[in-house]
Every structure is written in C-alpha cells, then in structure tokens.
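The values are calculated or read from the model by the stated rules, or taken from the named source; none is laboratory data. This is a predicted model, so every value here is computed, not measured. Glycine also receives a Cβ, built like all others from the backbone with ideal geometry; neighbour counts cover every protein chain displayed. Ligands, DNA and RNA are excluded from the accessible area calculation, which covers all protein heavy atoms including side chains. Shrake-Rupley method; radii C 1.70, N 1.55, O 1.52, S 1.80 Å.
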Amino acid sequence: MVSEGGPERPAAVTHPDLAALVSVQLRSGDGPIPAALERGEPVDSADLLREERWPAYRALALDSGVRSSVTIPFRRSGLTVTLSLYSFRPGALEDAPHGPARALGDLAVTCLVRDRSYRAALTELDQLGAALRTRPVVDQACGIVMHVLGCDADAAFGVLRRVSQATQRKLSDVASAVVDKRGRGLDRELASLSD
C-alpha cells in the first residue's frame, strides 16, 4: 500500500482474497497496516488465532485461512509504502522484516520516489517549454505597451499581468490579443491600467 499523507491509499495484492484484508483495515483504521503507519516500524502477529488486537481484521483473516502476518513500513521523501506478508501457518513470518522482504520494500519505495521525481521534472519541463514558446509574444506585447504608454519594460509587464489577473485570462492570451491589435484602440485602456 502507498500513502502520501492524503486520504487516497492505492494498494496492490497478489491474491484476490487478500484485497479484503487490506480494505477492512483501511475502512476501520484498525489492523497491522494502520499500526505500522502510526509506529513507523514492522507490526506482526505470529498467530492470529491467539491475537486479541484488530477484531474485524482478525476475523476476516482467519476466515480466509490466514494465520500470521507482518506489515513492514518504508518511508522516504514524504512517501510511505507498506509491505504486508500473510501466511497460512502460524509463526512463519518471524524473520520476514530482515530478509528479502526488506530488500523488496526498499526497492519498491526507491522506485516510487524516483518515479514521482521524474514525473515532477517532466511537468516542470513542460511548463518551462510553454513559457519559452509564449515568451516572444509576451515580449512583443511589452514592447507595444511600452510604446503606447511611454514606460519601461517592468511597468509594461506589470500592466499585462494586471490585465491577465483582472480578466482571469492567461498572460500569453492577453499578450496575443495586444499583438494582434498592434496596440490600436488600447491607449485609454492601457493608460488606466498603468496607474
């Protein structure tokens, strides 16, 4: 299960019967997954038949034939991944938090953090690309406003920004409109916005 602190917690299971075990914990807020998230350390139950914690989870687990479980949390960069292992035999998962399950969880959280960073970088790259594509139009519009108002570049950009905010239009759309009109008919309107 993956958690970023919000209400949405996507989970993946390797067997259809296990999905209900995850769902009951998330719905009730009670079970090994919520406990591991709260504590930040592995939470296990060596034998659910003798367990007294988590009644709803315990009943469903036993009904599914699960006798023991361990949930291991992995935290990095604001992301928490929990890896839950289930066994049909009691006491079968005692060493799980230290063996291959630990390596698998570390790998999973590392990959998810890298993927999130990669996606953020792609989004930023798209935004920078859009800004670069609209920059010439904004520069032309600033030049027109500078000519019409007799002001400097900073003041002209401020006028365009105020028009954008006041009309709830993108700055590039406002700049395109100014360039299309070549400043004609904008004298009074721009002068009123330059104050």
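Say R0 is 25 Å: what FRET efficiency, to the nearest 0.05, do Glu124 and Val2 get from their beta-carbon distance?
Computed FRET efficiency for Glu124 and Val2 comes out at 0.65.
Angle check, please: helix 171-181 long axis (alpha carbons) against the longest principal axis of the chain (alpha carbons), in degrees 0 to 90, nearest 10.
It is inclined by approximately 30 degrees.
Roughly to the nearest percent, how much of the accessible area of the chain is carbon and sulfur, given a 1.4 Å probe?
With neighbouring chains kept in place, the figure for the chain is 52 percent.
Treat each spin label as a single point 7 Å out from the Cα along the C-beta direction, and report the Leu62 to Glu94 distance in nm.
For the pair Leu62/Glu94, the computed spacing is 2.3 nm.
For the stretch 1-155, what is the accessible area per residue in Å², given a 1.4 Å probe and the full set of protein chains?
The answer is 61 Å² per residue.
Report the semi-axes of the equivalent ellipsoid for the stretch 1-154 in whole Å, largest first, where each axis is √(5λ) for an eigenvalue λ of the Cα gyration tensor.
Ellipsoid semi-axes (Å, largest first): 52, 15, 12.
Over all alpha-carbon pairs of the stretch 114-164, lay out the pair-distance distribution in 10 Å bins, whole %, shortest bin first.
24, 35, 22, 15, 5
With r as the distance between the Cβ atoms of Thr110 and Ala177 and R0 = 30 Å, compute the FRET efficiency 1/(1 + (r/R0)^6) and round to 0.05.
0.05
Which of these, Arg76, Arg169, Arg135, has the largest mean-square fluctuation under a Gaussian network model of the chain (Cα springs below 10 Å)?
Arg169
Between beta-carbons, use under 12 Å as the cut-off and find the net charge around Leu132, counting Lys and Arg +1, Asp and Glu -1.
With Lys, Arg at +1 and Asp, Glu at -1, the neighbours total 0.
Return a whole-number percent for the relative contact order of the chain, with Cα pairs under 8 Å and 6 or more residues apart as the contact set.
Averaging sequence separation for qualifying contacts and normalising by length gives 14 percent for the chain.
With every protein chain left in place, what is the accessible area of Glu124 in Å² (1.4 Å probe, nearest 10)?
Near enough 110 Å² of accessible area.
Using helices alone, what [θ] at 222 nm do you get for the chain, with -39,500 (n - 2.57) per DSSP H run of 4 or more residues, divided over all residues and rounded to the nearest 500?
Helix contribution divided over all residues of the chain: -19000 deg cm²/dmol.
Using the beta-carbon distance between Thr134 and Ser77 and R0 = 41 Å, what value does 1/(1 + (r/R0)^6) give for FRET efficiency, to the nearest 0.05?
0.80
Let a ≥ b ≥ c be the square roots of the eigenvalues of the Cα gyration tensor of the stretch 16-90; is it rounded (a/c under 1.5), or, if not, prolate (a/b larger than b/c) or oblate?
Judged from the Cα gyration tensor, the stretch 16-90 comes out prolate (a/c at least 1.5, a/b above b/c).
Amide H of Leu48: which non-local residues (sequence gap of 5 or more, or other chain) have their own amide H closer than 5 Å, using H built in the peptide plane?
So Leu48 has HN proximity to Ser68.
What shape does the stretch 75-155 take by its C-alpha gyration tensor, where a ≥ b ≥ c are the square roots of the eigenvalues and a/c under 1.5 counts as rounded, a/b above b/c as prolate, and the rest as oblate?
prolate
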